[in-house]
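Since the structure comes first, as C-alpha cells, the remarks are kept for the end.
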C-alpha cells in the first residue's frame, strides 16, 4: 500500500511540473493542532501541534486533486508527558472548490477528502506501526496579495490502530501560493 500511495504522489507531482504554465497549481503549508477525538484516544493522550505541506492541481473550476505530507510532533500521554506518540502522514486528497469574494478579496471555500498512510511511533519504544486512514474536512482561503492565499481548515481523521480508534480533529492555519 505504501508503494501505491508513493507512486500516485510521484505521478501527480511530475504531472504538476509538466503543466506549471497553466496557473492551475497551489502549494502550501499548514500549522495544525491535532486533537484526539475518539474516547479510546482522548482518554490517554493530549493534543499535539503539527504541520503539513501540500500540492494541488485544479482539474477545473470545481475540482482539485493533490498530494500531502504531515507530521504531528508528538501526542503526550496524560499519565507521563515525557512519552509521546508521533504520527507522520503522506497521502492523496481531493477538493470540491467554490470560488467566492471576501469583500474586495478573492478566495474560495472547499470540502476536502483524503486517504493517507499514518506512520505511528513512540519515543519510548523502537516500534512503528503504519496504517491507512481517511480524512474529511472543510476550509476557506482568501487571497492576501497576488497569488498568495491564507486560510483556515478543519479535518477529521479516521484511523484504527490495532483495534483502537485513533480519530482526531485538526484545525489548521494555511498559507498557499497559486501559479
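FYI, it's all coordinate maths here, none of it is from the lab. Quantities reported herein were computed from a predicted structural model and do not represent experimental measurements. Cβ atoms come from the backbone with ideal geometry, glycine included; neighbour counts cover every protein chain shown.
Structure data summary
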read-out	value
Label-reachable residues, segment 144-166, where backbone N falls under 13 Å from a point 7 Å from residue 39's Cα toward its Cβ	165
The chain - mean residue ellipticity at 222 nm from DSSP helices (-39,500 (n - 2.57) per run, n ≥ 4, rounded to 500)	-3500 deg cm²/dmol
Angle between the chain longest axis and helix 2-18 axis [Cα atoms, degrees, rounded to 10]	20 degrees
Prolate/oblate/rounded call for segment 58-114, Cα gyration tensor, a/c under 1.5 rounded	prolate
Segment 2-178, relative contact order in percent, only Cα pairs under 8 angstrom and at least six apart counted	21 percent
Distance between modelled label sites at residue 78 and residue 123, nm, 7 Å Cα→Cβ extension	2.1 nm
Overall Cα dimensions of the chain, principal axis frame, Å, largest first	49, 37, 22
Radius of gyration and maximum dimension Dmax of segment 110-179, Cα, Å	15.7, 47
